[in-house]
Amino acid sequence: MNAKRNVYLAPYLAWMALFIVIPIALIVYDSFFDLDGGFTFGNYEKFLTPIYLKMTVSSIWYAFLITLFSLLVAYPAAYALTRMKHKQLWLLLLILPSWVNLLLKVYAFLGIFGTYGFVNGALEALGIGRQQILFTDFSFVFVSVYIFIPFMILPVYNALEDLNPSLVFAARDLGASGWTTFRKVVFPLTLDGVKAGCQAVFIPALSLFMITRLVAGNRVITLGTAIEQHFLVTQDWGMGAAIAVFLIIAMVVIMLLTGSGQARRVR
Amino acid sequence: MSASRRLQSAYLIVVFAVLYAPIAYMVFYSFNSGGTMHGFEGFTLEYYGEVFQDARLLIIVLNTVVVALLSSTISTILGVVGALAIMRARTRRSRNALLSMNNVLIVSPDVIIGASLLVMFTMAGIRLGFTSVLLSHIAFSVPIVVLMVLPKLQEMSPTLIDAARDLGATGWQVLSRVVVPFIKPGIFAGFFMALTYSLDDFAVTFFVTGNGFSTLSVEIYSRARQGVSLSINALSALIFLFTLLIVLGYYVLNRRSAKRLGTGVPR
């Protein structure tokens, strides 16, 4: 364009320095200090003890499960969405609940899954009897998947919409079965959407903390819960910061693995 | 073909039923005179009355709205500046660097944003409360606005600017008479996005809010932990209605610009 000086750069860079670079630098800095303000590597040593490693592994495991189930539910839904007549309306209906306050939806699940809630009522009517649903792994994964579903459906849907239908017809014409067509043509071509969706679900799932509190009743401790606990309850900022540094590293790794598809797909 | 199509519709309907179940459940029981989220006894508007008599709650609603409006206005301005800065970047490399910096905040888990901003505010001596919450909301909203405005800027033909310059427009006139009107739909989309993100945010606010200041999400969280009160249900129903109105407004504006835009990225 023109060789004029970029006058917008200075304020924007200032903003980024203030709200991205400095806070992250401070987190890294803080992670090297113990409770009394002395310099230490102790927080990282503590992070490598079995207690924290077990927590990290279980946190990653739950995030993996949540991502997997979200994908399993979302892919067919996105596929069905592309075949619908009133796509715009369906999309609107899909996005709408994601704009209802997260807390409110989680709160509703407390009622639905509660001892006298809707699900237990149904189970009793079926003769199975009341079960403890709240505060189990099941309720945690279910509610998390519920929360993340729209964020998985949207990128997959966009990828499916971009798919040229003649490719599918060609595969069918050449004798591929429906399943083969899906496996060899449709899925590989929508992989970018799947990656973007997985990234959009996995990273937040690693750091959930409010759902674990309310729905899983502290049974499930994720990295997010641990960070929140250290910062706001025990006030051990150094340890919290060390876990946060690990989470940041994990985030970068995932972004590299999924090719930061989201970054390029400006939606 | 029609059998599989029916199957697809059935599947979608199930997914959407689950998606809306908690919201419907919550709204339904807000009218329960029994006072619990199970065993519907009779219709009452008592809890809606309670909401409007609860001065503390109303102040919190006001806080939330003020923070949302202020933060989205400021972040819209900053976001437009940021998008212009990215567009004006001379080399492709610096443009990409700026973009990925922008995306850091978008993919960062809320816990990280919250914790790092908490560290920064504490160090800078900013008292936790209205200011810290407002600044944090601006921090996570700016990248969203940038992402919404940028595609519009990229769409704009550079010849428009050249023409304006040839005809003697000053830099400011080019911006206010040519660029801004062209990217207006993106600006509005960014503003609404920032607004909904701010209204919806829990995790970041939870970290940086002090004792004296609270937003709705934080308040609902603490009330839900204390136990079930149907005034929350009533409030939720009211907020849902309000959200519907915002979404409708957003879509009307969106429709007018007749451009496809997805939602943002999850938190």
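Just so you know, all these numbers are worked out from the coordinates, no wet-lab data involved. Being a predicted model, the structure only gives us computed values, none of them experimental. Note that we place each Cβ from the backbone using ideal geometry, even for glycine, and neighbour counts take in every protein chain shown.
A few points about this structure:
- Of every Cα-Cα pair in chain B, the percent that sits beyond 27 Å: 52 percent
- Among the listed pairs A:Lys184/B:Lys184; A:Lys87/A:Lys184; A:Lys85/B:Lys184; A:Lys54/A:Lys184; A:Lys105/A:Lys195, those beyond 32 Å (Cα-Cα): A:Lys184/B:Lys184; A:Lys54/A:Lys184
- Peptide A:154-163 has a mean of 1 when you count, residue by residue, the C-beta atoms of other protein chains within 10 Å of its C-beta.
- Translational diffusion of region A:114-267, µm² s⁻¹ [Kirkwood Rh, Cα pairs; Stokes-Einstein; 10 °C; 1.306 mPa s]: 85 µm²/s
- Among the trypsin sites (Lys or Arg not before Pro) in region A:80-163, those placed in a DSSP loop whose Cβ has at most 16 other Cβ atoms within 10 Å are A:Lys85, A:Arg130.
- Mean shadow area of region B:1-68, taken as a quarter of the surface of its Cα convex hull (nm²): 7.7 nm²
- Centroid-to-centroid separation of region B:116-173 and region A:94-112 [C-alpha atoms, Å]: 30 Å
- For region A:127-155 and region A:1-79, distance of Cα centres in Å: 26 Å
- Pair-distance profile P(r), taking every C-alpha pair of region B:57-144, with 5 angstrom steps and integer %: 3, 13, 18, 19, 20, 13, 7, 3, 1, 1, 0
- Rg/Rg_globular for chain A, with Rg_globular taken as 2.2 N^0.38 Å and Rg from C-alpha atoms: 1.23
- Built amide H within the under 5 Å cut-off of A:Phe33, gap 5+: A:Thr40
- The distance from the alpha carbon centre of region B:84-112 to that of region A:188-259 is 21 Å, rounded to a whole number.
- The protein assembly as shown: C-alpha gyration tensor shape, a/c 1.5 cut-off, then a/b vs b/c: rounded
- Percent RCO, i.e. relative contact order, over chain B, from Cα pairs under 8 Å lying at least 6 residues apart: 29 percent
- Shielding of A:201-207 by partner chains, average beta-carbon count, 10 Å: 4
- Remark: region A:249-254, residue by residue, has Karplus-estimated 3J(HN,Hα) of 4, 4, 4, 4, 4, 5 Hz, where x stands for each Gly or Pro and the curve is 6.51 cos²θ - 1.76 cosθ + 1.60 at θ = phi - 60°.
- Gyration tensor (alpha-carbon) shape descriptor, region B:1-120, a/c threshold 1.5: oblate
- GNM top mover of B:Ile187, B:Ile138, B:Ile246 - chain B, alpha-carbon springs below 10 Å: B:Ile246
- At least 24 Å along the helix axis (C-alpha) and Kyte average at least -0.5, DSSP helices within chain B: B:2-29, B:55-88, B:130-155, B:180-200, B:230-257
- Computed on region B:175-258, the Cα convex hull volume stands at 123 Å³ per residue.
- Global form of region A:2-73, assessed from the alpha-carbon gyration tensor, a/c cut-off 1.5: oblate
- Pairs of Cα atoms farther than 15 Å apart, region A:52-153, %: 71 percent
- Computed over all pairs of different Cα atoms, the Kirkwood value for the hydrodynamic radius of region A:56-114 is 13.9 Å.
- Highest-first arrangement of B:127-135, A:243-251, B:93-101, B:109-117, where packing means the average Cβ count within 10 Å: B:109-117, A:243-251, B:127-135, B:93-101
- Taking only the alpha carbons of region B:114-240, we obtain Rg and Dmax values of 20.5, 67 Å in that order.
- Only Lys, Arg (+1) and Asp, Glu (-1) charged, at Cβ; the protein assembly as shown dipole about Cα centre in debye: 1960 debye
- Local net charge near B:Asn211, Cβ-Cβ under 15 Å (Lys/Arg +1, Asp/Glu -1): +1
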